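Every read-out reported here was derived from the displayed coordinates using simple, explicitly stated rules and does not represent laboratory data. These numbers were taken from a predicted model, which means no experiment stands behind them. Counting neighbours? That spans all protein chains shown, and the Cβs are built from the backbone with ideal geometry, glycine included.
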Amino acid sequence: MTKLINSIDRSLRSRAEQVIPGGMWGHMSTRYLGDAYPQFFARSEGCRLWDVDGNEYVDLMCSWGPIVLGHHHPAVEDAARRQRERGDSMNGPGDVLVELAELMVDTVPHADWVMFQKNGTDATTACVTLARAGTGRRKVLVARGSYHGAVPWCTPSLAGVTTEDRAHLIHFDYNDVQSLEEAVDQAGSDLAAIIVTAFRHDIGRDQEMPTAGFAQRARQLCDLQGAALIVDDVRAGFRIDLGGSWEPLGVRPDLSAWSKAIANGHPLAAVTGSDRFREAATKVYVTGSFWCGAVAMAAAVATIKTLRDTQAIAHMRDMGQRLRTGMEALASRHDLKLRQTGPAQMPMVLFEGDPSFEKAALFCASALRNGAYFHPKHNMFLSAAHAPADVDRILAAAEAGFAAVAREAAAG
């Protein structure tokens, strides 16, 4: 069993509160986790990570998605090291920029060109800007509850956001064709784009894979209106299909946003687009001081080639199904009911009859003490480094979590 003393972690939190607004509680997504969760980590390897107090966990968050091949994957780290020895942030990009761009265009069927950034928010914002530049219109359709980044046009927080920042957004319900059609009608001749996540992965609710009818209708409406279809593949990209998450549906977007898994933990994002928006991409001004960093690009080349040349995505799917089947069996043994939704390699696990997530919090805290890092209300991530023995180790920790929930239920 994991010790979870966390004395070093708590000291770091206390120091952080003095120099970071809100400390760790207000930073990034740690506010969604219980106080028992460690906030600071010392190292990681494969599908394991260790906190600063020395506790070891099987990782089910994969750095919130970027780790697709496993922490410190040898091919990726070797490519990054070799490029770092040559140069990283220089007066211009390294030659690896062209190699990566060619690889992305060869890999993604809808891509005629690619641009690189650093964060998913950079990429989604660039997509919206390109759609407006290419169409000369303003209105952008966004699904209610969808997360597309952390800037005023799309952030879930309203602090510091003005009405004008979102004046040209129109909302619809994910997977609801009628709702989408009504939003298109509302936009009228000013429709620039429809932006959709690869699947519905709102926090704290059941996930939904896109229906073929919804995806196809979104494509048809954009074609009829002369608007851009944008797929936000930041979270799911390279975990569902190497060519893009809507490729299995036979629907190809005009623009896609990528990040997270693109470079196995190295900071990089990308926009891929069709020739229709190539001219717009030459006119908009999007840049950043570190956008040409060569090390992350070298890591991305190695990541994409490894994904292409191995069965990594199929393996993640298999491990996710092994986890899903095991979780269902364990929950049933303890007379508990689960809702497991979304793609198996990006599992969302919620308890029935748990609107305030109390069961989830108790389950996760118990599993954490037994060496598995679950999340109570966010979709999780499998990597290619997760082997059957690792999934079985997760399930052993989950057994302790289910037992704790069952005991609490029995106690009333």
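Observations, loosely collected:
- Fraction of alpha-carbon pairs over 34 Å apart in the chain - percent: 32
- Here the contact order of region 74-309, divided by its residue count and restricted to Cα pairs under 8 Å and six or more residues apart, works out to 33 percent.
- As a proxy for reagent exposure, Tyr57, Tyr285 were ordered by neighbouring Cβ count within 10 angstrom, fewest first; the result is Tyr285, Tyr57.
- Positive dipole terminus of the chain, leading residue within Ala409, Ala183, Ser245 (C-beta point charges): Ala409
- Counting DSSP beta bridges with both ends in the chain, the antiparallel % (nearest 5): 55
- Using the Cβ-Cβ distance between Asp112 and Arg407 with R0 set to 51 Å, the FRET efficiency works out to roughly 0.30.
- In this Cβ point-charge picture (+1 for Lys and Arg, -1 for Asp and Glu), region 74-309 has a dipole of about 340 debye about its Cα centre.
- Unit charges on C-beta of K, R, D, E only; dipole of the chain, Debye: 460
- From least to most packed, judged by other beta carbons within 10 angstrom and beginning with the fewest, Val98, Val128, Val151 follow the order Val98, Val151, Val128.
- Relative frequency of Cα-Cα separations exceeding 25 Å in region 197-316, percent: 31
- Among His73, Ala111, Thr125 the positive-end extreme of the charge dipole of region 53-138 (Cβ point charges): Thr125
- Gyration tensor (alpha-carbon) shape descriptor, region 74-309, a/c threshold 1.5: prolate
- With contacts taken as Cα pairs under 8 Å at a separation of at least 6 residues, the chain carries a relative contact order of 22 percent.
- Euclidean distance between Cα centres, region 94-162 to region 294-351, Å: 25
- Seen from Pro152, the other residues with C-beta closer than 12 Å to its C-beta sum to a net charge of -1, counting Lys and Arg as +1 and Asp and Glu as -1.
- Against the main long axis of the alpha-carbon atoms of the chain, helix 120-135 sits at an angle near 20°.
- Each part gets one Cα centre, and for region 367-410 versus region 206-235 those centres are 33 Å apart.
- Cα-projected label distance for His171 with Asp275, points at 7 Å along beta-carbon direction, nm: 4.0
- Note on Arg137, Arg84: ascending count of other Cβ atoms within 10 Å places them as Arg84, Arg137, the fewest first.
- Between the helical axis of 7-19 and the longest alpha-carbon principal axis of the chain there is an angle of about 40 degrees.
- Label-point separation, Ser332 to Asp185 (7 Å along Cα→Cβ), nm: 4.6
- Annotation: amide H-H contacts under 5 Å for Leu141 (H modelled 1.01 Å from N, sequence separation of 5 or more, or interchain): Ile170, Ala193, Ile194, Ile195.
- C-alpha long axis of helix 388-410 to longest principal axis of the chain, angle in °: 70
- Here the label points at Gln178 and Val161, each 7 Å from Cα along the C-beta direction, are separated by 2.8 nm in the simple model.
- Counted residue by residue at 0.36 nm each, then reduced by the alpha carbon distance between them, the extension gain from Ser7 to Ala150 reaches 48.3 nm.
- Normalised contact order of region 256-334, rounded percent, pairs of Cα under 8 Å and 6 or more residues apart: 30
- Placing +1 on the Cβ of every Lys and Arg and -1 on the Cβ of every Asp and Glu, with no other charges, gives region 254-412 a dipole of roughly 200 debye about its Cα centre.
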